[in-house]
Structure formats: C-alpha cells, structure tokens
Amino acid sequence: MQNSGLTREQMTQRFKKALPPALICALLPGAVLAQADLWPAARNVTMIVPYTPGTVADLETRLYAIKLGENIGKNVIVDYKPGAGAMIGAAYVVKAPPDGYTLLSASSALTIAPLISKDLAFDPVKDLAYISMMSKRAPMMIANPRFPPNNGAEYIAYARANPGKINFGTSGATGAGHLSMRVLHQLTKTEATFIHYKGGAATFAAVQSGELDVVIGSVIGAMPLVKAGKVKVLGIMSAQRTPAFPDMPAIAETTVAGWEYAPWFGFAAPAATPAATLDRINAELVKVAKDPELGKKLAGDATIMIGNNRQELTKFVAAEAARWRKVVADLNLKLEE
C-alpha cells in the first residue's frame, strides 16, 4: 500500500471526520476517551437527586438541569434516589458508568456520611469525582410564634434555663443541620431535644402546629409562612448576615462567633470518569452558575452562586470531611442520638 505521507495523528483526524461520532466510539481503541472528547454528543444527561421531590436540593437541581440542557442542546433529566441520608443516591452514581452522563447532586451530607454509616460499601469522598460547587446558602432558624425567644441570644438563654425542653425538629438524624445545632448547644453548654422527621416539609407542618418549637428552614420555603404569621424568624444561620436580608441578624452574632450552618450544593460523577470529560462538564456547569438570570432566581433564597473548578471543590470536600471528624471527636458527639 502506498504511503500517503500523512502522520498517524493526521490520518486519525481524517478518520474521525469521515465517520459518525457514535461509530468512532465503537471502532476506535480507547472508546471512553473518544466519548470524553464528544461529551455530550452521545445521549441525554441524568442528574440524580438523593432526596425526595420538592426539597431545596430538588428545586435547585431542576433549575440547573434546565439551564444546562439549554446550553448543551440536550435533555437533562432529573431522577430521584432518596434514602439513607443521601447515600442511596450516592451509591447509585458511584456504580454508574464513568462516562459523564450520570451526575450526582452533591451536598454536605457526603462529607458526614462516613462518620455515621460505618458499613458503607463505598467512600463518598474518595469514590466520587467532584466537579463544581454551584452554590452556598444561608437557611433560617424559625420557630412557632408562641415560642418565647425572638433571636439567637434569647434562644440560648431559654435553652440554658430550660434544659432539654426545646423540641428542635430536623429533617434527618445526623444530617449537617442536626450536627451543626448539636455543636452550637455543646459550645454554649445548653441542651435541646432533637426530633427527627422525614424531610423538611414535615418539620414545617410540625412547627406551625406547635408540635415543634424550632426548625431549620430554607428562606424560600419559610418566608411565605413568616409573612402569614405562622412562624417567626430567630435569625439567619450563616456566620455573617446575608446581603439578601441585611437586617436579619445571624445567629452567630449573639451566640458563638463564627458558628454557621451554610449548606452547599454541587455535582459529582463516578471517580473513574475521564479528566477530559470532567473538565468539559465543569466548564458547562460554571456557565450555569455564572448565569445572571439564574442567580436572580435563587437570590431570594439567600443563595450565593459559586461555580468553582474541580480542584477547588475536591479540596473543599476533603477539608469538610476532616472538619466533621474533628468536631465529632472534640465534642464527643454520640451520633446515633
């Protein structure tokens, strides 16, 4: 056969141009690498939400899915795998094909899970590839209108005078919200009785009825109840006041300086996903996080859009996991309570 004078790389490029992308992936060696170059050409993307529909994670993920789908010209499907403190959904993504088409809606639950689930068959920190943190938000501490305290300082004073008599509702035992409040009570040498519900909607109903005294609520979910006089706000749970509500005091201002509960949301993929694919997805997710219209939609929930790179989120997740290990050890928390 006559030598064409082309290098192997040039011949490969001509080959790619001559054949449909799907056929290239089937024929060329290293098909996964070819798919990485082509993402998202092969098929639609699925985002796994490890919680029930209607949660803050679900609502935010759906907004990201819509915008990402518009940007890449593909359907981005939101699917639900709730249970076990987000670990059922995480396990599903860990085992998914590492091709970039199954993503996990990730949160702080993944950094706490190894501490409370000793029999996990995977490590949610090491067995997932973290792509981009999309946002952080500041939830509110809300109370039944008949609950005596009206702010963070009064809450701690009341807890000190009435040890164990505050019924504090959580959306799940040993979640980040529950542990953060446990930390606050231990640091202030006070006590509350934590009552765990299956999801935030149930806690909202219970605090309105008076079954619970206090709960943690997202701004977007709580504000209609606040305006209707069905609950009251004790304070914002970030370390400082949020620009969205500059007149609303942070709980940390009058309790423990620097204390906060600020949930974050982002995306992860199976650990073996090729770096080229992860970089491509990151670039698209950053576009979504930086979209001004999306930022406006989420600003009312005291959300700060982030959109960082893979290395930054990976470093953050590892640091968070270490921080929670230290918290549990230093305060001798009994996580099963």
Report task. Treat each spin label as a single point 7 Å out from the Cα along the C-beta direction, and report the Asn150 to Glu211 distance in nm. Result -> 2.9
Query raised in the report: What ranking of Ser180, Ser209 comes out by heavy-atom accessible area, probe 1.4 Å, highest first?
Result: Ser209, Ser180
Report task. With runs of 4+ DSSP H residues as the only contributors, calculate the mean residue ellipticity of the chain at 222 nm using -39,500 (n - 2.57) per run, divided by the residue total and rounded to the nearest 500. Result -> -13000 deg cm²/dmol
Query raised in the report: If you roll a 1.4 Å probe over the heavy atoms of the protein chains, what accessible area per residue do you get for the chain, in Å²?
Result: 48
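In nm, what is the difference between 0.36 nm times the number of residues separating Asn332 and Ile66 and their Cα-Cα distance? Can you show the working numbers first?
Working: separation 266, 0.36 × 266 = 95.76 nm, distance 4.33 nm.
Taking Asn332 through Ile66 to full extension adds about 91.4 nm, to one decimal.
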Query raised in the report: Taking H as built 1.01 Å from N, whose amide H comes closer than 5 Å to the amide H of Tyr80, not counting residues under 5 places away?
Result: Val49
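Going from the alpha-carbon gyration tensor of the chain, what semi-axes, largest first and in whole Å, does one get by taking the root of 5 times each eigenvalue?
45, 20, 16
So how do Glu211, Glu60, Glu320, Glu260 rank on accessible area, 1.4 Å probe, biggest first, that is with the largest at the start? Walk me through the numbers before you get to the answer.
Details: Glu211 105, Glu60 5, Glu320 30, Glu260 75 Å².
Solvent-accessible surface, decreasing: Glu211, Glu260, Glu320, Glu60.
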Query raised in the report: For the chain, modelled as a GNM with alpha-carbon contacts under 10 angstrom, which of Lys189, Lys81, Lys95 fluctuates the most?
Result: Lys189
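Run the accessible area of the chain with a 1.4 Å probe and give the carbon-and-sulfur part as a rounded percent. Walk me through the numbers before you get to the answer.
On the way: 9030 of 16040 Å².
That fraction is 56 percent.
For Arg160 and Ala318, FRET efficiency with R0 = 35 Å and r from the beta-carbon atoms, rounded to 0.05? Intermediate results must be reported in sequence, preceding the final value.
Values: r = 36 Å, r/R0 = 1.03.
Step by step, r from the Cβ atoms, then E = 0.45.
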Report summary line: With the convex hull built on the alpha-carbon atoms of region 233-337, volume per residue in Å³ sits at 147
Query raised in the report: What accessible area, in Å² to the nearest ten, does a 1.4 Å probe give for Met223?
Result: 40
Report task. Answer rounded, prolate or oblate for region 101-235, using the Cα gyration tensor with square roots of eigenvalues a ≥ b ≥ c: rounded when a/c is under 1.5, else prolate when a/b is larger than b/c, else oblate. Result -> prolate
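The values are calculated or read from the model by the stated rules, or taken from the named source; none is laboratory data. Note that the structure is a prediction, hence the values are computed from the model and not measured. We place every Cβ from the backbone using ideal geometry, glycine too, and count neighbours over all the protein chains shown. To get the accessible areas, we keep the full protein, side chains included, count just its heavy atoms, and leave off ligands, DNA and RNA. Shrake-Rupley method; radii C 1.70, N 1.55, O 1.52, S 1.80 Å.
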